[in-house]
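Derivation of every value follows stated rules applied to the coordinates shown; laboratory data play no part. What you see is a predicted model; the values in this text were computed from it and never measured. Counting neighbours? That spans all protein chains shown, and the Cβs are built from the backbone with ideal geometry, glycine included.
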């Protein structure tokens, strides 16, 4: 049963979509959204169970780290989770997160998970993509589930939690849909990239430009600049005219 916190987070998710010109049932182009919000985002393979991290120094400096070992669908959920911290949560500074847990004992993380679920996979869109004869408890087909999760580029786990909350599947059905996800997707002709890790060492934002500004302003040394760029996988060679041979 939905409580007042769930309704509040649903409203925040709807307002967030409207504010950023995303239709109420449209999929979110996550990377474009990050660029629009000017959130510096780095994808790194992390061996631990950590999903990501968010840091906010001020309105002009927001940073997200995403575990690129996680599936692409889960990465998208993590990004929306972190955007709750950066854009919605009052007085937020920094947090290391394990997303998709929906742990009520940690309210800020619980709210971030709810916001991510409601924003990434909107109820209106879910209902639009389910045939009328499947809009009953435990009647939804694997075909509809595959269609929804690929349309919204979300993880199976996040979608099943949404369907369960909406009363469309019970806990037993939820567990059954967790089985053989990639194999089933292949059988129905879907690309299984969504269920795999990826984006390793990808950087979204102006990391390189900020590092170059610091170097040109002589705030950091040449070796510091080269080290910063190496951290994001760019090997920079400074020439005598103070330029470098890699496009950022």
**Prompt:** When a footprinting reagent is the concern and you count Cβ atoms within 10 Å, what order do 221, 14 take, fewest first?
**Reply:** 221, 14
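Based only on other Cβ atoms within 10 Å, what is the fewest-to-most ordering of 218, 165, 82?
218, 165, 82
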**region 4-195 - share of DSSP beta bridges that are antiparallel (%, nearest 5)** = 65
**Message:** Whole angstrom only: what separates the Cα centroid of region 84-110 from the Cα centroid of region 20-68?
**Reply:** 14
**Prompt:** Roughly what % antiparallel, to the nearest 5, for the DSSP beta bridges in region 39-137?
**Reply:** 65
**Asked** Which part of region 148-165 falls in the paramagnetic zone of residue 190, meaning amide N under 16 Å from the point 7 Å along Cα-to-beta-carbon?
**Response** 148-164
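Nearest-5 percent of antiparallel DSSP beta bridges in region 1-93?
55
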